[in-house]
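To start, the structure under review is shown below, and the notes come after it.
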Amino acid sequence: MTALVVLTPTIAGCFSERSFVMRPEDYVPAPAVNSSALPAGDTRAWLAHAHQTLRHTLPYDDEPALTTEQLVDPAGNPVDVYAHFGRCPEYSNSIFLNFFGLMDTAQASGAEAAIENPAAPWPGFEDVWAPINDRLQLSGRLGLARGADGEPLVADCIIVLPGLLGDLAVKRSRDLARALVDAGHHVLALELRGFGQTERRFPDVYYTFGVLETGDLLAVDEWLQQRPYVRGTGLIGFCWGANHVLLAAWEDGREEDHPGVAPELRKRLRPRDGRRHFTSGVLAFSPTLDFEPIVEVLRQEWPAADEPVLCTLQDGVRDRMRRKRHPEINGDLGRLIQFEFARSELTYPHAVRDGYDYLRFLPYRGKPAGDKLESARVPVLIVHGSNDPLASPQAVADLIASTENRNVAAVVLDGGGHVGFAPYDRSYFYSLVLNFFDPRAGPATRSAKRRP
């Protein structure tokens, strides 16, 4: 009994948010290779090379990670990701059978909100407002890489997004932003419609889960490109923020009449003019590629003892419903989506249906996804954990099996839970990010037209 009393606080402490600042010894550079070894526009080949360099940093007793080509069998079918890693999806929320997945998830996830009061200041960063249109600006924190003379370097600016219902209070964004600036990049950590200080200043602008926010990201890119010291931009997103960055890569390159964009919805999207965006690349950690099954599961309430991650997510949904004074207060994500759409610019009949078509990456119950990432013309990298308690790692293999575009690559690691890659392996996490955005050796050096 005494041992249990002593152990309980220890376990509880493992399941709280922590800071994982990058240390100098964490960075492992992936050597540059000549252009003949890495063909233009081949993010998959770049990932294979980079992972080969970085894999020694991963825990030695873990199952080998699956990179892009390994996620598909010789016949072109997705491999069984759970079988490869010896996992059972039914146990992904068990504290006894997925202790480390849940722990990594909790340590990388913030519980505090920064709406009434902004997040504590980040040294070296300034609060800015990125203009979207005459009715909306997005709150963000901008950090500039500077030379010895104190002037901004000419460098890429990496836009960092939080997860679902997130803002700048999460330590993960602050730690990552600091590492990128120290590596010579500019960074803009952004709060989307409906969240953080954006929500506080514009409470009547509602969140549309990526439909209108995708155009917002293109507007932010164009705003940053006007600054003389910004060479190009990149995107990093976590959880639903990862969905945002994948949608942005699609939106940048898609054809005007893509079947994923209903005619009525197209009238309400930000006009496109063919300009290139996010030429430094797009990095998506733990995207919810199979979001519709998650929406269905959340129709019922889940107790923390059985489904701690779903319960936490439902707490966030309830808080959002309460704050926005929606007609219901519950954990039903699908109802929240309906309520937010109804008060947004997307109020026409069947807007939610059209919105789901726009957001979908994988076919669901006979509804097509439209092969969205075939349109990506910038490097795209998806990183997932096999022990993710929320988003299915199998969905990554399913997506890669249906995507021929070699600009799109993916890696599934043995650990990391949901967005918890810094707690899982700090060196691999930071090294992968910095190598991906390296202006000399990253995949963008061969696949995108960049400003000199």
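The values are calculated or read from the model by the stated rules, or taken from the named source; none is laboratory data. Bear in mind that the values here come from a model prediction, so they are computed numbers and not experimental data. Here Cβ is always computed from backbone atoms with ideal geometry, including for glycine, and neighbour counts include all displayed protein chains. Only protein heavy atoms, including side chains, enter the accessible area calculation; ligands, DNA and RNA are left aside. Shrake-Rupley method; radii C 1.70, N 1.55, O 1.52, S 1.80 Å.
When the dipole is taken about the Cα centre of region 363-452, and only Lys, Arg (+1) and Asp, Glu (-1) are charged at their Cβ, what size is it in debye, to the nearest 20?
560 debye
Hey, what does the equivalent ellipsoid look like for region 311-350, semi-axes from the Cα gyration tensor as sqrt of 5 times each eigenvalue, largest first, whole Å?
19, 10, 7
Between ARG322 and LYS367, what's the calculated FRET efficiency when r is the beta-carbon distance and R0 is 22 Å? Round to 0.05.
With R0 = 22 Å, the Cβ-Cβ based efficiency is 0.10.
Rounded to two decimals, what ratio of Rg to Rh does region 51-90 give with C-alpha atoms and a Kirkwood Rh?
Dividing the radius of gyration by the Kirkwood radius yields 1.02.
Rg and Dmax of region 151-260 over Cα atoms: what are they, in angstrom?
14.2, 46
Over the Cα atoms of the chain, Rg to Rh with Kirkwood Rh, two decimal places?
Rg divided by Rh gives 0.94.
What order, most packed first, do the peptides 147-159, 177-189, 398-410 have when packing is the mean number of other Cβ atoms within 10 Å of each residue?
Ranking the peptides 147-159, 177-189, 398-410 by packing returns 177-189, 398-410, 147-159.
So who's got an amide H within less than 5 Å of the one on SER94, skipping anything under 5 residues away but keeping other chains? H placed 1.01 Å off N, in plane.
none
Please compute the Cα-Cα pair-distance distribution of region 291-423 with 5 Å bins starting at 0, giving whole percents from short to long.
For region 291-423, the binned pair fractions read 2, 9, 15, 16, 19, 17, 13, 7, 1, 0 percent.
What distance in nm separates the two pseudo spin-label positions at GLU17 and ASP61, each 7 Å out from Cα along the beta-carbon direction?
Distance between the two pseudo-spin positions: 3.2 nm.
Quote to one decimal, in nm, the extra length available between CYS88 and CYS311 on full extension: 0.36 nm per residue of separation minus the C-alpha distance between them.
78.3 nm
Please list 119-127, 313-321, 55-63 highest first by mean number of surrounding beta-carbon atoms within 10 Å per residue.
313-321, 119-127, 55-63
If you wrap a convex hull around the alpha carbons of region 389-449, what volume per residue comes out, as a whole number of Å³?
Expressed per residue, the convex hull around the Cα atoms of region 389-449 is 97 Å³.
Could you check how much of the accessible area of the chain is carbon and sulfur, as a whole percent, using a 1.4 Å probe?
Roughly 54 percent, rounded to a whole number.
Calculate the dipole size of region 60-126 relative to its Cα centre from +1 charges on Lys and Arg beta carbons and -1 charges on Asp and Glu beta carbons; express the result in debye to the nearest 20.
100 debye
Quick check on the chain: helices-only [θ] at 222 nm, where DSSP H runs of length 4 and up contribute -39,500 (n - 2.57) each and the sum goes over total residues. Nearest 500, please.
That calculation yields -10000 deg cm²/dmol at 222 nm.
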